[in-house]
Amino acid sequence: MTTFAEASRTAAEHARNGQRPVWRDKKRYLWPLGLLVPLSPFAAWFLVDKFSLGLFWAIGAWLIVIVIPLIDLLAGEDGNSPPDEAIPELQEDRFYRWCTYLFLPLQYVGLVFVAWCWVNAPMAAGEKFALAMTAGVVAGVGINAAHELGHKSEKLEKWLAKVALAQSFYGHFYVEHNHGHHVRVATPEDPASSRYKENFWFFLPRSVIGGLRSGWRIESARLQRQGRRTWSYRNNILNAWAMSVVLFGSLIAVFGWEIAPWLAVQAIAGFTFLETANYLEHYGLLRAKRPDGSYVRCSPEDSWNSDHVVSNLFLYQLQRHSDHHANPRLRYQSLRSAAEAPQLPAGYAVMIVCAWVPPLWRKVMDKRLLAYYDGDMTRINVLPGK
């Protein structure tokens with residue numbers, strides 16, 4: 001697969017020859033559909049008010065578990081990738097950036113509305129939990145928006161990435177994902193790369209705790225190299241967590257302590273959705289080693305790929321994860337599907353549910369992993385002891 005640098009050189013050559021890319025993104029005006037996710041708390045309130053059914057408080061969860069998988073099934077796979085010469089122009093098109101920027105104000109207006117509902121709407125404890133799940137889906141997709149923004153070089157986008165992470169209290173992701181996961185992906189040293197035969201519910205604490213420790217080590221080392229103190233406002237993890245403290249503190253000050261447990265529930269739900277995506281993105285995959293024992297450069301073959309069109313619209317093409325790891329500088333609109341990568345049998349929405357049911361996951365995925373490596377266990381990232 002062509003790298004971003006090679007694509008830029010190709011585009012420059014075409015420009016010198018008077019050629020301009022003719023490819024156009026057929027999904028261009030569908031990308032704002034992703035903004036429906038942060039609007040789901042308002043949809044929940046409307047549906048409960050209209051039909052007097054408390055189960056609609058969980059509309060965010062139904063969207064992920066039922067609605068998107070069904071539409072994915074009907075819409076099928078995308079298969080439409082930008083050619084190399086179109087990528088530089090796509091990278092600079094600010095329309096796509098605003099599709100991610102606008103997620104954030106909707107995300108936090110929705111969270112304030114959720115807090116208001118917890119206090120003022122006639123809800124039983126189960127319904128408050130259901131609404132927390134809807135808020136958790138927004139927080140989880142918010143982490144995905146932070147993932148898109150945090151990879152970019154512009155200071156504004158890096159700052160916005162921390163803002164998006166505040167709802168889930170997952171600020172360390174800003175450091176660990178970019179400087180830890182992308183370096184060690186598809187190796188036993190990476191806490192966010194799941195291993196063959198590893199149960200998701202065992203992977204979850206390993207990834208959360210391991211990612212936190214790794215992020216702290218990386219950020220501490222960065223500050224020490226600069227001659228600065230670790231415990232300072234310059235610490236990217238501490239200032240990201242400070243945003244969460246201010247956010248949660250402000251909501252509790254306005255709406256009262258009764259919302260505190262539900263804020264915690266939605267935050268846990270949010271980063272659980274994120275870690276489930278981590279689990280399925282690299283399950284059992286292992287990068288090869290050079291003769292000196294170092295790992296080869298990450299390639300599309302080191303991530304599971306999925307090209308289901310509707311899931312990609314709602315997740316900023318996170319499912320084209322193979323190209324993302326091979327070319328992390330590419331913005332979501334420029335990512336290409338990788339036919340040479342291992343392929344998931346369905347979109348992320350379906351695979352997330354599969355991951356939560358370990359026997360189902362093993363039945364669906366283990367045979368695919370083994371077939372991809374021709375049954376050679378030495379090429380698989382295996383859970384120790386298995």
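The values are calculated or read from the model by the stated rules, or taken from the named source; none is laboratory data. Owing to the predicted nature of the structure, the values given are computational and were not obtained by experimental measurement. Note that each Cβ is placed from the backbone with ideal geometry, even for glycine, and that neighbours are counted across all protein chains shown. Just so you know, the surface numbers come from the protein's heavy atoms only, side chains and all, with ligands and any DNA or RNA stripped out. Shrake-Rupley method; radii C 1.70, N 1.55, O 1.52, S 1.80 Å.
Okay, here's what the table says:
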{"read-out": "R0 of 25 Å, Cβ-Cβ distance ARG94-LEU36: FRET efficiency to nearest 0.05", "value": "0.70"}
{"read-out": "Solvent-accessible area, 1.4 Å probe, carbon plus sulfur percent, for the chain", "value": "64"}
{"read-out": "Label selected from [x] 148; [y] 121; [z] 160, the criterion being volume of the Cα convex hull per residue in Å³ as computed here", "value": "[z]"}
{"read-out": "Distance between the stretch 177-256 and the stretch 130-166 - C-alpha centres, whole angstrom", "value": "14"}
{"read-out": "Separation of the TRP231 and VAL22 label points, Cα + 7 Å toward Cβ, nm", "value": "6.5"}
{"read-out": "Computed [θ] at 222 nm, deg cm²/dmol, the chain (DSSP H ≥ 4; -39,500 (n - 2.57); rounded to nearest 500)", "value": "-17500 deg cm²/dmol"}
{"read-out": "Mean Cβ count within 10 Å, highest first, over the residues of peptides 254-261, 163-170, 90-97", "value": "163-170, 90-97, 254-261"}
{"read-out": "Cα long-axis angle, helix 260-281 against the chain (0 to 90 degrees, to the nearest 10)", "value": "20"}
{"read-out": "Nearest-0.05 FRET efficiency for HIS182 and TRP116, computed from C-beta distance (R0 35 Å)", "value": "0.35"}
{"read-out": "TRP159 versus ALA339: modelled label distance in nm, points set 7 Å from Cα along the beta carbon direction", "value": "4.5"}
{"read-out": "Accessible area of the stretch 132-234 divided out per residue, in Å², using a probe of 1.4 angstrom", "value": "41"}
{"read-out": "Relative contact order %, the chain, counting alpha carbon pairs below 8 Å whose residues are six or more apart", "value": "22"}
{"read-out": "Difference of contour (0.36 nm per residue) and Cα-Cα distance, TRP201 to ARG368", "value": "58.0 nm"}
{"read-out": "Fluctuation leader among LEU160, LEU360, LEU286 - the chain, Gaussian network, Cα springs under 10 angstrom", "value": "LEU360"}
{"read-out": "Dimensionless Rg over Rh [the stretch 187-243; C-alpha; Kirkwood]", "value": "1.11"}
{"read-out": "Using a Förster distance of 22 Å, the FRET efficiency for ILE209-VAL357 (Cβ separation, nearest 0.05)", "value": "0.40"}
{"read-out": "Approximate spin-label separation ASN239-VAL382, in nm, with each point projected 7 Å along Cα-to-Cβ", "value": "4.6"}
